[in-house]
Amino acid sequence: MTSPEEQPHRSGFVCLVGRPNAGKTTLTNALVGEKVGIVSNRPQTTRHAIRGVVHKPNGQIVLVDTPGLHKPKSLLGKRLNDVVRDTLSDVDVIVFCVPADQPVGTGDAFIARQLREVKAPVVVVVTKTDAASKKQVAEQLVAASRLVEAAEVVPVSAVKGDQVELLEDLLIGLLPEGPPLYPEEQTTDEDVERQLAELVREAALEKVRQEVPHSLAVTIEELVRRPDPKQPGGELVEVHALLHVERNSQKPMLLGKGGQIIKQIGTEARTGMEALLGARVHLELHVTVLGEWQDDPKKLNRLGY
């Protein structure tokens with residue numbers, strides 16, 4: 001057997017696909033070993049291709065997490081599907097996530113059809129094995145392997161870390177030989193403002209009821225770094241963020257009675273921001289109405305979609 005020193009170094013891009021809420025972002029975060037994407041139990045939480053970088057002695061995996069492929073109902077939906085298709089044509093390996101705790105359905109079959117046109121090898125990952133019985137997992141492995149011609153079929157629990165390392169090794173084995181694409185200290189190429197906006201959106205999705213999720217976008221309007229008056233040598237970062245909703249009726253849902261909800265969103269988002277920036281954060285949030293932005297090309301461009 002060759003020792004790790006003699007093995008060629010491999011690197012490349014791996015794309016995670018799956019219907020909305022198939023556990024793609026949780027798996028991305030587990031593979032990278034830290035939070036690079038937002039996790040919510042609401043479908044269609046991910047709206048941008050987030051890249052997480054996995055560093056191993058014998059290889060580097062650049063993970064591209066995509067929005068869930070779905071039948072689009074709006075211009076935003078169509079653009080999200082375009083993001084997925086562009087990404088698929090550009091990667092070395094595709095990971096098709098199929099949740100263990102839900103039967104294989106039309107959404108999975110829809111994605112399987114899209115994958116037939118793709119040249120890259122497909123690894124089918126049955127996710128959320130911690131949420132299903134052994135019998136369910138076994139049945140799902142059989143059902144999932146019938147969907148596509150797969151290079152490998154692997155059951156994984158990202159929450160418990162079961163088989164995550166095995167999956168990493170399998171993926172590296174399928175990548176082309178090559179040097180690392182990112183420096184070792186880098187785990188994502190998301191710009192900081194995008195990450196901060198996502199932290200606010202995640203906190204908001206946790207706090208508001210069902211009506212708001214798809215209508216909510218967040219932009220960072222201002223980011224100011226200055227010396228921290230309370231901590232000599234420390235930094236204070238002032239963040240001004242706007243939460244955009246589509247209708248006036250959604251505004252009070254985010255604000256809450258006497259501003260209670262928006263305060264809670266701010267407290268939660270600030271904790272994540274301070275961990276990300278390694279500095280004290282002063283966060284100001286404002287809610288604005290941007291009418292029907294999901295179907296307006298100019299507004300979508302302005303929001304970065």
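Bear in mind that the values in this text are calculations on the coordinates, not laboratory data. What you are looking at is a predicted structure, and each value in this text was computed from that prediction instead of being measured. Positions of Cβ are backbone-derived with ideal geometry, glycine not excepted, and every protein chain shown enters the neighbour counts.
Near the amide H of GLY59, within less than 5 Å, lie the amide hydrogens of ARG10, all on another chain or at least 5 residues away, with H placed in the peptide plane. Counting Lys and Arg as +1 and Asp and Glu as -1 over every other residue whose Cβ lies under 15 Å from the Cβ of VAL124, the net charge comes to +2.
Students often get this wrong, so check it: of LYS207/LYS298; LYS24/LYS78; LYS207/LYS257; LYS56/LYS160; LYS24/LYS207; LYS78/LYS128, which have C-alpha atoms separated by over 24 Å? Over 24 Å apart, Cα to Cα: LYS207/LYS298; LYS78/LYS128. In order along segment 8-15, the phi-based Karplus estimate (6.51 cos²θ - 1.76 cosθ + 1.60, θ = phi - 60°) of 3J(HN,Hα) comes to x, 7, 10, 8, x, 9, 10, 9 Hz; Gly and Pro are listed as x. Subtracting the Cα-Cα distance of ARG116 and ARG280 from their residue separation scaled by 0.36 nm leaves 54.2 nm. Rounded to the nearest Hz, the phi-derived 3J(HN,Hα) couplings of segment 88-101 under the Karplus curve 6.51 cos²θ - 1.76 cosθ + 1.60 (θ = phi - 60°) are 4, 6, 10, 10, 8, 9, 10, 9, 9, 8, 10, x, 6, 8, where x marks glycine and proline. For segment 134-157 versus segment 103-125, the inter-centroid distance based on Cα atoms is 12 Å.
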